[in-house]
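Scroll down for the structure; my scribbles are underneath it.
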Amino acid sequence: MSGSIELRQLRYFVAVAEELHFGRAAERLHMSQSPLSRAIRELERDLGLVLFVRTTRRVELTPAGSVLLERSRRALAEIDGAIAEAQRSARAEGDVLGVGYGPFSRTEAMGIADELGTERPDLDVRLVEEVSPESLRRVGVHELAAAVVIETPAAARRHGVRVDTLRDEPLLAALPASHRYATAGPIPVGAFVQECVLLPREPPGQTFNAWLRALMRAHGFELERTMETLSAPWDRRIPPVASGEAVSVFVAEWVGEPIAGVVAVPFDPPLSFPTDLASSWPPSEGVEALVGAACRVRDSEGWLTERSARSELPAD
């Protein structure tokens, strides 16, 4: 005797028990009578019980069958209810627009969410912090509606997403309070790269690190001395900078909350951190509204100072 039965068998049993007629039960289940009769015999064999008394004129439940019917109805109702609830939950989650953002881009993500909420209060936004490569992957497979990501060449084509230029955020040097440039105004890029530079730990920080190295190289310098954060990808307290072991970079958003022992200084020449909005393609009506909100707040706030407003599609 087997102690376990399939859900399919239980549904077959309830249909026959309620109809007390194999032909009518088979019609109700949209199947032939022969496999239904065979399934009930297999169920009785598996349970080691006689559930029905069959004669040439009628089908009746045995006492064991009556007990099983009562419990089976409740069990199937509970299972069907759980399935319906899960489906409702999935539909509700689908109505929420997930927006990813990186450690330097929370301000942009919140600004977009606020703008969308003003225009479309019926749409809910859920903000998700993660690094750009993961955000791009999730937008590409429609797990996120959109994400604020670091400017990534050919992202639209590689990930099958729409990409809109979003912001050129001033990049600041994070220096120990005791550093000679902490009170001396902008720090020359050449002076910055002579220090040990704190970078986010790889692999999560790989895209950002490659971008920063390329930025410094474009100004004629290489990052020769670096160390990685212990956390992934960033610890806002940046302890190695506060202790004087290293310098690093951050954006103005981080300056809003003072970091003990750390001073924010602009670069000479000024540097910027370019971000884009990657959105799922083809877009749903909600995603279109989200992109529209992002472009409106971008333009009204003057977020683009070096690049022009442009959109790139997967086929471009």
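The values are calculated or read from the model by the stated rules, or taken from the named source; none is laboratory data. Everything numeric here is computed off the predicted structure, so don't read it as measured data. Quick reminder, even Gly has a Cβ in these numbers, built from the backbone with ideal geometry, and neighbours come from all protein chains shown.
In a residue-by-residue description of the stretch 210-232, the property of being closer than 30 Å to residue 286 by Cα, in contact with a Gly (Cβ under 8 Å, 6 or more places away or on another chain), surrounded by fewer than 22 Cβ atoms within 10 Å (Cβ to Cβ) and not aliphatic (A, V, I, L, M) applies to no position. Only residues that are surrounded by 15 or more Cβ atoms within 10 Å (Cβ to Cβ), out of contact with any strand residue (DSSP E or B) (no Cβ under 6 Å at 6 or more places or on another chain), outside any strand (DSSP E or B) and not β-branched (Val, Ile, Thr) were counted across the stretch 253-283, and they come to 4. With the condition kept exactly as written, say whether any residue in the stretch 232-248 is touching a residue at least 60 places away in the same chain (Cβ under 8 Å), outside the structural domain of residue 100 (by TED's automatic domain parsing) and in a strand (DSSP E or B). Yes, because at least one residue in the stretch 232-248 is touching a residue at least 60 places away in the same chain (Cβ under 8 Å), outside the structural domain of residue 100 (by TED's automatic domain parsing) and in a strand (DSSP E or B). Candidates in the stretch 1-49 are the residues that are outside any helix (DSSP H, G or I) and surrounded by 13 or more Cβ atoms within 10 Å (Cβ to Cβ); of these, the one that is modelled with the lowest pLDDT is 5. Residue check: residue 288 meets all listed conditions (1) in contact (Cβ under 8 Å) with a residue 40 or more places away in the chain; (2) assigned by TED's automatic domain parsing to the domain that holds residue 102; (3) of a type in the set (Asp, Glu) but one, namely (1). Looking across the stretch 175-199, the residues that are surrounded by fewer than 23 Cβ atoms within 10 Å (Cβ to Cβ), in contact with a strand residue (DSSP E or B) (Cβ under 6 Å, 6 or more places away or on another chain) and assigned to a strand (DSSP E or B) come down to 187, 188, 198, 199.
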